[in-house]
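S.K.: One structure is given below, represented as C-alpha cells, and several questions about it will come after.
Computed from the coordinates by the stated procedures, all read-outs in this text should not be read as laboratory data. Fair warning: this is a prediction, and the values are worked out from it, not measured in the lab. Note that we place each Cβ from the backbone using ideal geometry, even for glycine, and neighbour counts take in every protein chain shown.
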Amino acid sequence: MSGKRTKRGILVFAGAVVATAILLCSCQKKEVSLSLLVWEGYADPSFVRAFEEAHHCKVSASYMGSSDDLVAKLRGGSAGNYDVISPSSDVAASIAQAGLAEPLDLSKLPTYPQLSPRLRGLPLVKANGQTFGVPFMWGPNPLLYDTTVFSQPPDSWGIFWDSKYKEKISVWDDLSTLYMAAQMLGYDKPDPSQLYNLSDEQLAAVKQKLLALKPNIRKIWSTGGELTNLFENHEVVAAMGWPLMTNQLRQANFPIGETIPRENTTGWIDHLMITKASPNKELAYQFLEYMTQAQTQKKVTDVTHYTPANPGAAQYMTDAEKKGLHLDDPDAYMQRIYFWQDVPRRAKYIEIWNEVKAAP
Amino acid sequence: MYSRAYKTIVSLPPLVWIGMFLLLPYALMFAHSFWLVRNGMIVHHWGLRNYATLFQNPLYAEVLFRTMRIAAGVTLLSLLLGYPLAYYMSFHAGARKDLLYQLVIVPLWVSYLVRGYAWKTILGSDGVLNGFLQYIHITKEPVSFFLYSPFAVILMLTHIYTPFVFLPLYASLEHIPRNLVEASHDLGAGWRATFLRVILPLSLPGLLAGATFAFVLTLGDFLAPLLVGGPSSIMIANIVQSLFGTAYDWPLGASISVCILLLTISLLFLTEQLEKKWAYQ
Amino acid sequence: MTPDDSRPEHDPAASISKETLLEIRQVSKCFGSREVLKGISLEIAAGEFLTLLGESGSGKTTLLRLIAGFEQPSSGEIRMAGERLDTLPPYKRRVNTVFQNYALFPHLSVRENVSYGLQVSGVAKTEISGRASDALRMVKMEEYAASRTTKLSGGQQQRVALARALVNRPKLLLLDEPLSALDANLRKQMQVELKTLQRELGITFLFVTHDQEEAMALSDRIALLKDGALEQVGSPREIYAHPATSYAAQFIGQTNLVRTDVRGGIARCGSLQWGTTSSDGNVLFSLRPEAIHRVADGRVPTDAVRFHGLIRQQIFSGSSEQLELEVSGALLKARVPAQGPLAGAHEFWFSPSDAVAVLE
C-alpha cells in the first residue's frame, strides 16, 4: 500500500517539476531575444541598445572568462543557449572545425568586404572552403615599459633577459610568452606559423630560454588589472601586455610606453560567430552585420580600446585616437603582428609552460 | 513508527542532492581520468595513459610534493599561531574572551581576494613593510622576497587558515572540564606540567581537526600563488586549473584530481581514526 | 538542669587535645559586588573531621576553593601549620581535593590517575608504583588499575578520586560534596568507609556538604554556614542540643520555634510558662519534638511544663509517632513512642531545660 502511495507521490512530484520546467521554457521563448556569450565590453548598452530598438528584440549577454570558458560551455552541450559568440584566434579554429559554429552566408553581411583584407585573409576561421566567423576587434601583445627606466623604447624582447632587470620583468601567464621566447630563438623565420607548430627539440630550447628568464621575472601576470598594478607599484619595469593596459596606465598618468620590438610580436583577433545550434540565425546575421559597421566599431573601440576590424571606423575618430589605435597605418602595424593560430599540440605547449612555472 | 512512504519522501531530497552534486560529479571526474583528448575533443577511450603521464613527467610529482611541503608549512605555522591564541583565550582571557573571539572570526567574513590584495599592499616593493624598513634604515632597497615569493604564499595561506585551525582547537579546549585543570594543579602540577599532561592530550582531537583543515585546504588552493606567489610558486591546483582551462585537457586534469582526492580521503581517514582514538569523553 | 542560651564555639574534646592545623582569619571573598564570604574565622585541628555545612549559595564551596587555592581571598588570611597558605599557588599547597564530580583524567588509566600527583612531584618511579598500588588497595580498586576511568561506576570513580588525593599524603584533604552524586545506599556505605579511612590515616578532613544527616554522621565538628557567615561551630551533639540560632535549630534536626515574652525570669507563651535565665524581652525558644512527652506515658518531673494539646495529625514512623498538636492556637510537633492511634485532647509536658533560647 505505502509503496504504491510513494510511487504516486514521486510521479506527482516529477510531473510538477516537468510542468514547471516547460512553463519556464515557454515563457522564455515568447520574447524574441538574442543571446550572446562574448568578452566583456562586447555587449555594452552604448551600441547594443540601438540594435535592440531597430529589431524589436532583447539582447542578453553572458560574459566569458576566457577562451577556454567559452570552449567548455559550447562543448558542454549548452551551445543551444547562445546565438552569437566571440572566440579569440586561439580557439576560433577548433570551434569551427568541431562544427560548433554555423558556416556563414557572406552575402547576408554587406559590410564584410569593408573589413581589413588582411584579417579576412587569415586561415583561422576557414574550413572546407567555408567561412565561420567575421573579424571583429584585434590587438597585439606589445612590450610595455616604464619610461622613467627606459628613455628610449627597447628595441628587442632581449632586454627581458638583461641581468640589469633582475626581478623587474613580468610576462603573461599564457602561451604568448612561449611564442615570444620562440621568436627570440628565431623560430618564426621564415614562416611565422611555425610558432604554433614547434617541434619537441624547439620546445625544449624554448623551455631553456624561458628558464634563463626566470631570475628576472617578478611575477607572471594573469589578469589585466594585475599587470597595471605591477607597474603602478613599481614591482616591474617592463612586461608583455595589451594595448588596453597602456590606455589604462596612461589614464592613470603612469609613465608607460608601448612598443613592438624588432622581433615582432604575436596578437589576437576576436571573431564573431553564429552557433550551429542558434534558433535565431536571421537575427544573429543582422547582429553580425550591425557589429561590423564602421560606426558601431567606433563605439566598441570607445569601450574597449581595441583596434576595430573595420578600418572605416577611423573616419569617426580624431587623429590622436587613430594614432593610438594604429589606424593611421594599419597595414604597416599588422605586418609586425603574428596573429594567434590554432596550436595542434596545445597540451604539449601547456605542459612545457607549466614545467617552466614549476621550475624552482 | 513512520510509514515507509514518509521515510522515502523525507530521505529523497538529500539523496538526490548527494547523488547530483556529489556522487555524479565524482563519477564523472573518475571516468574522465581514464579518457583521452584527441584533436581537441574528449574521446571515451578507456585507458591509464593519463596516470602514466603523471608518473612519467616529474613535473606533476614535483609540484605535488612542493604543494604538500607548503601545506605542511602552513599547517605548522597556523598551529603555532592558533594554539597559543586558543589556549590563552580559553584559559586566561577572562572577560576579553568574547571580544577576542570576534576578532579572530571577523577576517573569515572578508573576501579571500580582498585579503590577498591587502597582503600585496603590505608586502610590495612600495608596500607598508618595505616603506617602514627603509624609514627606520634597516634596509636601503626594497626587499623583494616579501611579495611574489613562496614566503608570501605561506604567509597569506597561514593568515587565511589560522582561524580554521583556531576554531576546532578553541572548541576542544573549551570542552576540557575546568575541574581537570584544577585537579592537576591540586595534585601539584604547575601550568607547564598541566598543559603537557592534561590540556595538550585532551585537545589533540581539535588540534588534529584544525591541522587537517589547514593541510587539506592548502592542498587545494590555487588563488594564493596567483595573487602573491612568485614565478616559481605554482601549486598542484594551478596545474589542474590550467589543464581544465587553457589546455582543455580535462582527462589529465581529472587524473590529477583523482590522485589529490585519494590523498585527501586517506588523510581524512587517518585523522578520523586518530581522532577517535584520542576522543575520551 | 538549668536553661542555657550560651553559644559554645568549640568542642573542648576536639580542640584541646590536638594542635591547630589550619587557621582561617577574617577571610572575605567578593565576586564583583557580591560578597559570598563575610569575614570567616575558623580553626581546624590536626586529625579532625570538620564539615562545612550549608545550603547551596552559603559559601561553603567557595571557602573550600580558597583553601585549595583555586580562588584568592579578597581579604583575610589562611595559614597552615603556622605558614601562610593563601599566597601559594594551588600546586604548592600540601592540600589535596576530592572534587564533586571527581574530575578524573579521562585520557589516563586508573593507575595513571592515581600516580599523577607523584609523577609531577618527581617521586622516583619505583616508589610511585608501590604507593599507587597501596592507595588502590586501600580503596579496594586494585583490580581496576588498568581500566579507563570513564568505564567506571560512580562509586568506583569516587574511590579512585579518593586514592588519587590520598596517595600524596596530604596534611589536609578537602572533599567537595563527594557523595552527592551517589545513590542513597552507596552513599551510606561510602560514609562509613570515609570515616574509617580518616580514622586509620589520621589525615585532617575538611568535608563540604549540604546534607545535615551526612554531616552529623561523619563529623567531629560542624561549621554551619549561612549567607557567607558562620552561623555556629560545634560538635553535632552540641549544635543539636544547643542550637545558637533559629536557623541552626531548624537546619540541624527538626524543631519547634516558640516565641515567648520573658519577664522577670519567666518565659510566657499563651497558657505556657517556664523559668529561664534569659533577660526580659521577646525571646525565641527551640523545643525539639522528642522533648515533648505525653503525661500518660510515664513519670512527670516536678519542674515539667504541663499543657493540653489537641492532636491534629498523627504520622506513624516505626518506633515513634509524629504528632501535630494544637496548643492555645499554635501548632507544635511532638515525637512520642509508638502506641497506636491517638485522638482528641491529651495532656503533654516538657522540661524547661529542653527549651533552648535561640537568636533569630
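S.K.: To two decimal places, what compactness ratio does chain A give when its Cα radius of gyration is scaled by 2.2 N^0.38 Å?
M.R.: Rg over 2.2 N^0.38 Å, computed on Cα atoms: 1.13.
S.K.: What distance in nm lies between label points placed 7 Å from Cα along the C-beta direction at C:LEU359 and B:ASN57?
M.R.: In this crude spin-label approximation the distance works out to 9.2 nm.
S.K.: Let me ask something else. Based on DSSP H runs of at least 4 residues, each adding -39500 (n - 2.57), what is the mean residue ellipticity at 222 nm of the protein assembly as shown after dividing by all its residues, to the nearest 500 deg cm²/dmol?
M.R.: My calculation for the protein assembly as shown gives -13500 deg cm²/dmol from helical runs alone.
S.K.: Compare the peptides C:284-290, B:111-117, B:155-161, A:313-319 by average per-residue count of other Cβ atoms within 10 angstrom and give them in order, highest first.
M.R.: Peptide ranking by packing, descending: B:155-161, C:284-290, A:313-319, B:111-117.
S.K.: If the reach is capped at under 16 angstrom between alpha carbons, list the lysines near B:LYS7, excluding any in the same chain fewer than eight residues apart.
M.R.: The reachable lysines, counting only those whose Cα sits under 16 Å from B:LYS7, are A:LYS4, A:LYS7.
S.K.: So what's the net charge close to B:TYR161: Lys and Arg +1, Asp and Glu -1, counting the other residues with Cβ under 13 Å from its Cβ?
M.R.: Charge balance near B:TYR161 sits at 0.
S.K.: Set Lys and Arg Cβ to +1 and Asp and Glu Cβ to -1, take the dipole of the range C:12-244 about its Cα centre, and tell me which of C:SER56, C:THR150, C:GLN26 lies farthest positive.
M.R.: Most positive-ward Cα: C:THR150.
S.K.: A further question follows. For the protein assembly as shown, compute the orientation-averaged projected area of the C-alpha convex hull (one quarter of its surface), in nm².
M.R.: 64.5
S.K.: I need the Debye-formula profile for the range B:1-89: one equal scatterer per C-alpha, no solvent, reported as log10 I(q)/I(0) at q = 0.11, 0.13 1/Å, two decimals.
M.R.: So the normalised log intensities work out to -0.72, -0.82.
S.K.: Based on Cβ point charges of +1 for Lys and Arg and -1 for Asp and Glu, what charge dipole magnitude is obtained for chain A about its Cα centre, in debye rounded to the nearest 20?
M.R.: The calculated dipole for chain A is roughly 1400 debye.
S.K.: Mind sorting B:HIS45, B:HIS185 by how few other Cβ atoms lie within 10 Å of their own Cβ, fewest first?
M.R.: Ascending Cβ contact count within 10 Å gives the list B:HIS45, B:HIS185.
S.K.: So what is the orientation-averaged projected area of the range A:147-218, using the convex hull of its C-alpha atoms, in nm²?
M.R.: 5.2
S.K.: Binning at 10 Å from 0, report for the range C:37-196 what percent of all alpha-carbon pair distances ends up in each bin.
M.R.: 10, 37, 35, 16, 2
S.K.: With a bin width of 10 angstrom, please list the P(r) values of the range B:101-183 as percents of all Cα-Cα pairs, from the 0 bin to the one holding the largest distance.
M.R.: Final binned percentages: 16, 33, 25, 16, 9, 2.
S.K.: Looking at C:MET138, C:ILE239, C:ALA217, which one has the Cα that reaches farthest to the positive end of the dipole of the range C:12-244 (charges on Cβ: Lys, Arg +1; Asp, Glu -1)?
M.R.: C:MET138
S.K.: Restricting everything to alpha-carbon atoms, can you work out Rg to Rh for chain C with a Kirkwood hydrodynamic radius?
M.R.: That ratio is 1.06, to two decimals.
S.K.: Something else: Residue by residue through A:343-350, how many Cβ atoms from other chains fall within 10 Å of the Cβ on average?
M.R.: 4
S.K.: Turning to a different aspect of this structure: Quick one: angle between helix C:154-166 and the longest Cα principal axis of chain C, in degrees between 0 and 90, rounded to 10, please.
M.R.: That helix lies at roughly 70 degrees to the long axis.
S.K.: Could you tell me the convex hull volume per residue, in Å³, taken over the Cα atoms of the range C:254-358?
M.R.: Enclosed volume per residue, from the Cα hull, is 91 Å³.
S.K.: A further question follows. Among the helices of chain B (complete DSSP H runs), which have Cα atoms covering no less than 30 Å along the helix axis and a Kyte-Doolittle mean of at least 0.0?
M.R.: Helix filter hits for chain B: B:58-91, B:150-175, B:250-278.
S.K.: Shifting gears a bit: Taking the beta-carbon count within 10 Å as an exposure proxy, list A:LYS189, A:LYS357, B:LYS120, C:LYS188 from fewest neighbours to most.
M.R.: If I rank by nearby Cβ atoms, fewest first, I get A:LYS189, C:LYS188, B:LYS120, A:LYS357.
S.K.: What angle, in degrees between 0 and 90 and rounded to the nearest 10, separates the Cα long axis of helix C:110-120 from the longest principal axis of the Cα atoms of chain C?
M.R.: Rounded to the nearest ten degrees, it is 70.
S.K.: Between A:THR148, A:THR301, A:THR275, find the one with the highest GNM mean-square fluctuation for chain A; connect C-alpha pairs within less than 10 Å.
M.R.: Of A:THR148, A:THR301, A:THR275, the most mobile in the Gaussian network model is A:THR148.
S.K.: Which three numbers, in whole Å and largest first, are the semi-axes of the equivalent ellipsoid of the range B:59-278 derived from its Cα gyration tensor as √(5λ)?
M.R.: Semi-axes from the Cα gyration tensor: 35, 26, 14 Å.
S.K.: Still on this structure, please answer the following. Based on the mean of other beta carbon atoms within 10 Å per residue, what is the order of C:349-355, A:280-286, most packed first?
M.R.: Highest to lowest by the protection proxy: C:349-355, A:280-286.
S.K.: Where the centroid of each part is defined by its Cα atoms, how far is the range C:324-344 from the range A:50-101 in Å?
M.R.: 103
S.K.: If you don't mind, another one. Between the range A:270-337 and the range C:170-231, how far is it from one alpha carbon centroid to the other, in angstrom?
M.R.: Going from one Cα centre to the other spans 96 Å.
S.K.: If you don't mind, there's one more thing I want to ask. Could you pull out every residue, at least 5 positions away or on a different chain, whose amide H is within less than 5 Å of the one on C:LEU359? Hs are placed 1.01 Å off N in the peptide plane, and Pro or chain starts have none.
M.R.: The answer is C:THR245, C:SER246.
S.K.: Quick one: give the max-minus-min coordinate of the C-alpha atoms of the range B:231-278 along each principal axis, largest first, in Å.
M.R.: Per principal axis, max minus min of the Cα coordinates gives 45, 26, 10 Å.
S.K.: Let me ask another. Once the Cβ-Cβ distance between A:SER33 and A:LYS108 is put in as r, and R0 is 25 Å, what FRET efficiency do you end up with, to the nearest 0.05?
M.R.: 0.80
S.K.: Can you give the average number of partner chain beta-carbon atoms within 10 Å of each beta-carbon in peptide B:172-179, as a whole number?
M.R.: If you average over the peptide's residues, the count of other-chain Cβ atoms is 2.
S.K.: Right, next: Is there a simple number for the mean count of other chain Cβ atoms within 10 Å of the Cβ of residues in A:214-222, and what is it?
M.R.: 4
S.K.: Through the Karplus equation 6.51 cos²θ - 1.76 cosθ + 1.60, θ set to phi - 60°, convert the phi angles of the range A:33-48 into ³J(HN,Hα) values in whole Hz; use x for Gly and Pro.
M.R.: These are the phi-based 3J(HN,Hα) values: 9, 10, 9, 10, 10, 9, 5, 4, x, 8, 9, 5, x, 4, 10, 6 Hz.
S.K.: Give the peptides C:337-343, C:308-314, A:292-298 in descending order of average Cβ contacts within 10 Å, highest first.
M.R.: Descending mean neighbour count gives A:292-298, C:308-314, C:337-343.
S.K.: Report, to one decimal in Å, the Kirkwood hydrodynamic radius for the range C:134-240 based on all distinct Cα pairs.
M.R.: One over the average 1/r among Cα pairs gives 15.0 Å for the range C:134-240.
S.K.: Using only the alpha-carbon atoms, what does the range B:1-160 span along each of its principal axes? Please give whole angstrom values in decreasing order.
M.R.: Taking the Cα atoms of the range B:1-160, the three principal extents are 69, 57, 24 Å.
S.K.: How much net charge surrounds A:LEU143 when only the other residues with a Cβ under 14 Å from the Cβ of A:LEU143 are counted, with Lys and Arg +1 and Asp and Glu -1?
M.R.: Neighbourhood net charge equals -2.
S.K.: Moving on to the next point. Mind sorting A:THR131, C:THR149 by how few other Cβ atoms lie within 10 Å of their own Cβ, fewest first?
M.R.: Going from sparsest to densest Cβ surroundings: A:THR131, C:THR149.
S.K.: A further question follows. In debye, nearest 20: dipole of the range C:12-244 around its Cα centre with unit charges on the Cβ of K, R (+) and D, E (-)?
M.R.: The calculation lands at about 600 debye.
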